[in-house]
Amino acid sequence: MALFNVDDGFLEAITRGFRGRIITKEDYNSLIQADSLEDLKMHLSSADYDYGTHLEALQGETMDVKSLEKALKSALVDEFHFIRAQANYPLSKFLDFVTYGYMIDNLCLLIKGTLKGDPSEKLIESCNPLGTFAEMIVVCSTNQPKEMYEAILVETPLAKYFVSCIDLDELTDINVEMMKDKLMKEYLTDFYNFCNSLGGTTAEVMSGLLEFQADMRAINIAVNSLSHAEISKDDKESLNPQFGSLYPEGFNMLADAKEEASIYSELQKNYGDTFGRIIEQMHKDQGGEMEKYIEELMMEEEVRRNELAFYEQFHYGIFYSYMKLKETEIRNIVWIAECIKQKKKERMHQNVVYIFDTDQ
């Protein structure tokens, strides 16, 4: 306890303070009353939230859903950079790991877009600001796979993941999604091992969160690959890390599944207290106005797990969980904004995931 507070106690307290400003269910009920994007902006500009100064520039023609989302993300990026700038090792390394997942998303977006010939300015504009890195322009300055591959290996923080799992021949438009899954596997494994090396509550909390993420990815890969006969069982197994509550038997089952219904049946049968409950909820809502895909329901469960991280003390998991919860908050606001724009206010509640909702 004392040793943690010497280096990291202040930043943990700051992050817990940020957590206290997360939008509540009552706040969302107010946001949902907005009749226009301007009304929504006015609500969000309140001193109770973190977005005021970032929304000031949105006026008239510049006020649309895309610019709103960009402003919300810039507020989160500023908070993250404030924490990262004051962090000592090993928290500084932990926070770098948090950004690597976003970097992988950005890198794959840049590669895919560059190979298609999309303008580099447009591609960089589309990237998640949490995963920016100085060498992004180098990656999309050429559409030659060999030069792009060499730029990645030399310039980017993700080089070690490429070396261990990606060949030059895989750097094609068709293979980008498969490449992304391989990179994520290497990244999650590296992050998991680093968190466990830290020991204590950080290892306990982060192991649980990363294991759930590994399980989610395995289920999504299994479901999404059913329509691609060219992806073999071995291919699917190779995309999953060697940890998770489903590992290894569950991962083998998922890789072997030939039908979506059989995946859900096996999860209910063998993992009734975790993924079985999610499948049960999915079936219950099927055909109704609250119907959701399994991916959406798993994301909601991930939110619940990230909330629980704040009930433990003296660990790094709250930094990771705070970022995840704020991402969910931004998705909620963007969904509300889209409903306002499309004049479908009756659908606002459908995809809003309430955070720290005491009624649940």
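Considering the options Gly52, Gln86, Leu68, tell which one lies farthest towards the positive end of the dipole of region 31-153, charges being +1 on Lys and Arg and -1 on Asp and Glu at the Cβ, about the Cα centre.
Selected residue: Gln86.
Mind checking region 108-190 for trypsin sites (Lys or Arg not before Pro) that DSSP puts in a loop (not H, G, I, E or B) and that have at most 11 other Cβ atoms within 10 Å?
Answer in residue order: no site qualifies.
I'd like the GluC sites (Glu not before Pro) in region 165-247 restricted to DSSP loop residues with at most 13 other Cβ atoms within 10 Å, sorted by number.
Glu230
Give me the percent relative contact order of the chain, please, defined on Cα pairs under 8 angstrom at least 6 residues apart.
Relative contact order for the chain comes out at 20 percent.
Just to be sure I understand the model, the point goes 7 Å from the Cα along the line to the Cβ. What's the resulting Asp235 to Glu312 distance in nm?
Label-label distance for Asp235 and Glu312, simple model: 3.7 nm.
Select one label from (1) 41; (2) 34; (3) 29: the one whose number is percent of Cα pairs over 31 Å apart as derived from the coordinates shown.
Here percent of Cα pairs over 31 Å apart agrees with entry (1).
Rounded to the nearest 0.05, what FRET efficiency is calculated for Gln242 and Val154 with R0 set to 45 Å and r the Cβ-Cβ distance?
Once the sixth-power term is evaluated, E becomes 0.95.
For a quick check of your reading of the filter: which trypsin sites (Lys or Arg not before Pro) in region 206-298 sit in a DSSP loop and have no more than 14 other Cβ atoms within 10 Å?
Answer by residue number: Lys258.
Take the residue pairs Lys112/Lys185; Lys70/Lys116; Lys70/Lys93; Lys93/Lys146 and return only those whose Cα atoms are more than 28 Å apart.
On the way: Lys112/Lys185 19 Å; Lys70/Lys116 25 Å; Lys70/Lys93 26 Å; Lys93/Lys146 30 Å.
Too far apart for the 28 Å limit: Lys93/Lys146.
Please work out how many pairs of lysine residues in region 202-315 are eight or more positions apart (or on different chains) and have Cα atoms closer than 23 angstrom.
Taking the Cα cut-off of 23 Å, the pair count is 9.
Each reported figure results from applying straightforward, stated rules to the coordinates on display, with no laboratory input. These numbers were taken from a predicted model, which means no experiment stands behind them. All Cβ positions, even for glycine, are placed from backbone atoms using ideal geometry, and neighbour counts span all protein chains on display.
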